[in-house]
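Everything below concerns the one structure shown next.
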């Protein structure tokens, strides 16, 4: 990244964080409980397991002005009865679980970013740890919370993702068009590796709504020094009252 862009991003972030204490602040969140019963078939181990995945997310938005908004998502994420967090390993040990001494549960920061609107323009930027994801590749390439700088202008989004600043930077461009019952999405990613093993990933998706059923078809392509391939995918989803169904086939 060049020095001018670095200075611009640093200045914008400093502007956003200098919010007054009496700025307009809103709070929201949700509690998610997902019970799962697993019964093995065709295995020598036929032990049934029952788990409850619990997730509580807290959202705070601080709006110091019409042009600046700061967002913080905090989350407590665990599985009932386990001493460690849902992630497992070292991360899960620090996360805390919900077994004995469940008061050790730690709150994790899921997202923390500032959004800045440019006056009299459809341009805005969001800087910080935020949700990123491909729009045309059905989430197969990228669907992560990560440090990023995103710039949005009408139907186009461009930006830089920092998954590992010492090893790689990912540059991306996304475009979308949506009519009443028809839409088009396009993704382009360039994975800039410090070791020279760069990868380009492209995707295009068409969406349509027929008789309250949402349909999508897409193609993807990846080319690099050590990875190359093509992908085709079909998806259909529908809502029936309080329930819904989603089908995805990718090859």
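The values are calculated or read from the model by the stated rules, or taken from the named source; none is laboratory data. Just so you know, these numbers come straight off a predicted model, no measurement behind them. Heads up, the Cβs are rebuilt from the backbone with ideal geometry, glycines too, and the neighbour counts pull from every protein chain shown.
Does residue 159 satisfy the criteria of being in contact with a helix residue (DSSP H, G or I) (Cβ under 9 Å, 6 or more places away or on another chain) and surrounded by 15 or more Cβ atoms within 10 Å (Cβ to Cβ)?
So residue 159 does not fit the description; no.
Any residue that is assigned to a strand (DSSP E or B) and over 25 Å from residue 124 (Cβ atoms) - is there at least one of those in segment 167-174?
Within segment 167-174, one or more residues are assigned to a strand (DSSP E or B) and over 25 Å from residue 124 (Cβ atoms).
Among the residues of segment 112-120, is any within 24 Å of residue 218 (Cβ to Cβ), assigned to a loop (DSSP other than H, G, I, E, B) and either in contact with a strand residue (DSSP E or B) (Cβ under 9 Å, 6 or more places away or on another chain) or at pLDDT below 95 (or both)?
no
Do we find that residue 69 is under 25 Å from residue 24 (Cα atoms) and either at pLDDT 90 or above or outside any helix (DSSP H, G or I) (or both) in this structure?
yes
Please go through segment 225-251 and give me each residue that is surrounded by 10 or more Cβ atoms within 10 Å (Cβ to Cβ), under 17 Å from residue 211 (Cβ atoms) and out of contact with any strand residue (DSSP E or B) (no Cβ under 7 Å at 6 or more places or on another chain), ordered by number.
Within segment 225-251, 239 is the sole residue that qualifies.
Is it true that residue 41 is outside the structural domain of residue 145 (by TED's automatic domain parsing) and in contact (Cβ under 8 Å) with a residue 12 or more places away in the chain?
So residue 41 does not fit the description; no.
Between 177, 171, which is within 19 Å of the chain's Cα centre (by Cα), surrounded by fewer than 16 Cβ atoms within 10 Å (Cβ to Cβ) and free of Cβ contacts under 8 Å to residues at least 40 places away in the same chain?
Within the list 177, 171, the selection yields 171.
Hey, among the residues in segment 34-45 that are outside any strand (DSSP E or B) and within 28 Å of residue 77 (Cα to Cα), which one's modelled with the highest pLDDT?
Selected residue: 39.
Which pairs turn up if I take residues in segment 136-156 that are outside the structural domain of residue 72 (by TED's automatic domain parsing) and look for partners that are crowded, with 21+ Cβ neighbours inside 10 Å and part of a loop (DSSP other than H, G, I, E, B) with beta carbon separation below 6 Å, at least 6 apart in sequence or on another chain?
From residues that are outside the structural domain of residue 72 (by TED's automatic domain parsing), the pairs are 141/134; 142/134.
Which residues, taken from segment 223-250, are closer than 20 Å to residue 172 by Cα and either free of Cβ contacts under 8 Å to residues at least 24 places away in the same chain or outside the structural domain of residue 133 (by TED's automatic domain parsing) (or both)?
228, 229, 230
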